[in-house]
Structure formats: structure tokens, C-alpha cells
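In what follows, a single structure is set out as C-alpha cells and then discussed.
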Amino acid sequence: MTYSDPNISQTPQPIIEIKNLKKWFGGLQVLQDLSLKLFAHENLVVLGKSGSGKSVLIKCIVKLLHPDQGSITVMGEDVTRLHNNDLAALRQKIGFLFQSGALYDSMTIKQNLEFPLKRIRKNLSKKERDEKIEEVLENVGLLNTMHKMPSELSGGMRKRASLARTIVVDPLVMLYDEPTTGLDPATSDEISLLINEVQTKYKTSSIIITHDIECARATADRLIMLKDGEVYLEGSIDAFERSPDALIKSFFK
């Protein structure tokens with residue numbers, strides 16, 4: 001099955017399916033039999049305290065980290081079995097917003113967006129690239145920063161620029177690693193709103209790693225709580241907020 005089909009939302013097959021995922025670092029087991037599914041056009045928020053395995057999970061999804069056991073199927077491909085060209089081709093369909101933003105400091109914002117476009121969308125003319133960059137920057141409210149350097153932008157603007165660079169190649173899946181970390185509440189709200197706008201405009205399926213409850217409330221179609229590297233609770237925001245469990249209540253104060 002091809003996951004570029006515009007009618008993808010009609011199929012119950014998950015975009016991402018993880019089964020019995022395990023990951024060790026030396027003698028420390030960070031992920032323990034973790035299983036989850038991400039469905040089409042869904043924002044799945046993954047919560048958990050520091051060290052619960054949240055960031056390790058999404059790095060395993062794109063094979064930045066190699067899991068020790070288990071399977072990770074992304075758009076019909078078993079990531080754990082992919083190498084070189086096949087892995088690179090799959091990664092081109094996945095947008096990864098790093099916690100740090102990871103903009104290239106020596107490039108302007110426009111050049112930061114041009115870089116992945118030239119590598120991934122090689123069929124585009126210069127005019128088409130320029131139009132795409134303008135469209136995406138306008139969508140994140142940064143059209144007037146095109147010729148600025150990352151160092152000239154505020155933290156929130158850099159985060160939005162990083163998001164623009166991620167979506168400029170039209171990914172089918174988005175992975176957000178702590179998208180609101182280090183931002184003030186107002187800017188965090190803006191980023192949460194942008195995550196929802198990206199989901200609507202680009203029809204993405206997303207996993208959002210966060211410990212920011214307001215971000216979770218604003219973006220989640222469904223939530224998963226991790227504890228000690230495995231799924232502790234899964235459900236809606238309402239289910240989490242009604243839970244009498246002490247761990248859950250400590251997050252939803």
C-alpha cells in the first residue's frame with residue numbers, strides 16, 4: 001500500500017506501528033517492550049518524565065538510534081531492516097523537528113530551507129523553490145525573515161524557522177521532539193497552534209514528544225504516557241485529566 005494516497009484516512013492501517021521495542025545503553029534498559037500505533041492525520045502526544053525514553057523512541061523511529069529488539073513499521077517499511085538508500089528514501093517522507101531546532105548558523109533562513117529542497121525535491125526549478133519557500137515561511141509567519149541569519153531571530157522565531165525547514169519538503173509524518181522547551185508560555189502557545197495548523201494544512205500524522213501539559217492539551221488527538229520505558233497509560237485528554245492515578249495527576253495539576 002502506498003501512503004501518499006490522498007484517501008489514506010479511509011484505511012485503519014497505522015502509519016507507524018511499533019511492537020515490543022527495546023533499547024539498552026550499556027546496562028541501562030531505556031525502552032522495555034514498548035508498543036504503540038500512530039494513525040493517519042493524527043497528533044499523538046507522548047508524555048513522560050525525563051529519562052522515560054521519549055526522545056529515544058522517536059530517534060529509533062528514524063534509525064538515528066538502532067533498537068536492540070522489536071519492530072518499527074513506518075508507512076509499510078520495517079525501519080529496523082532498512083539500510084542506506086532505502087532508509088534515506090523513507091527519511092525523506094519524515095519531518096523531524098529537533099529540540100534544538102538544528103538550523104545551520106552559517107546560512108540565511110532562505111538558504112536553510114533551500115538546502116533540503118535541493119536534495120529531496122530535485123525536480124523543482126529555482127522559481128518553484130522560491131515560491132515554495134515563500135509559501136512555507138508565510139504559513140509560519142516568517143516571510144520577512146527570509147534573508148536573516150538564525151542568530152538574528154528570537155528563540156520562538158528560530159523554532160518556527162526550523163518547523164518551516166521541516167515542512168518545506170511536504171513530509172507525510174512529523175516527529176516533534178519537545179517543541180516548546182525553553183520558550184515562554186505565549187510563544188509555546190504559538191508553536192502548539194502551528195503544530196495543529198501543519199496537521200490541517202499538510203495532512204500530516206505526528207508524534208509529539210513533550211512534558212509540556214499545555215502543549216499536550218492544545219495538540220493531542222490521543223495521548224500516551226511512558227514510565228520506565230514502556231506505555232503506562234493511553235487515552236484521550238479527558239481520560240488523563242480524570243485519572244485518579246498519582247503519576248498522571250502529578251502531570252495534570
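For segment 101-253, the relative contact order comes to 18 percent (Cα pairs under 8 Å, sequence separation of at least 6). Cross-link partners of Lys110 among aspartates and glutamates, defined as those whose alpha carbon lies under 18 angstrom from its own and excluding same-chain residues fewer than eight positions apart: Glu128, Asp130, Glu131, Glu134, Glu135, Glu138, Glu152, Asp170. Ranked by the mean number of other Cβ atoms within 10 Å per residue, highest first, peptides 206-215, 127-136, 158-167 order as 158-167, 206-215, 127-136. Computed from the Cβ-Cβ distance with R0 of 45 Å, the FRET efficiency linking Ala246 to Glu152 stands at 0.50. Taking each DSSP H run with n ≥ 4 as -39500 (n - 2.57) and averaging over every residue of the chain yields -11000 deg cm²/dmol at 222 nm. For a straight C-alpha distance cut-off of 17 angstrom, the aspartates and glutamates reachable from Lys63 (same-chain residues fewer than eight places away being disregarded) are Glu17, Glu77, Asp78, Asp86, Asp177. Among the listed pairs Lys126/Lys201; Lys23/Lys54; Lys37/Lys93; Lys93/Lys148, those with a Cα-Cα distance over 20 Å are Lys126/Lys201; Lys93/Lys148.
Here is the P(r) of the chain: all C-alpha pair distances, binned every 5 Å from 0, give 1, 6, 13, 17, 19, 17, 13, 8, 4, 1, 0, 0 in whole percents. When Tyr176, Tyr232, Tyr104 are arranged by Cβ crowding within 10 Å, least crowded first, meaning fewest neighbours, the order is Tyr104, Tyr232, Tyr176. Rounded to 0.05, the FRET efficiency of the Gln13 and Leu233 pair, given R0 = 30 Å and the Cβ-Cβ distance, is 0.80.
Laboratory data are not the source of any read-out in this text; all were calculated from the coordinates shown. Quick caveat: nothing in here was measured; it's all calculated off a predicted structure. Heads up, the Cβs are rebuilt from the backbone with ideal geometry, glycines too, and the neighbour counts pull from every protein chain shown.
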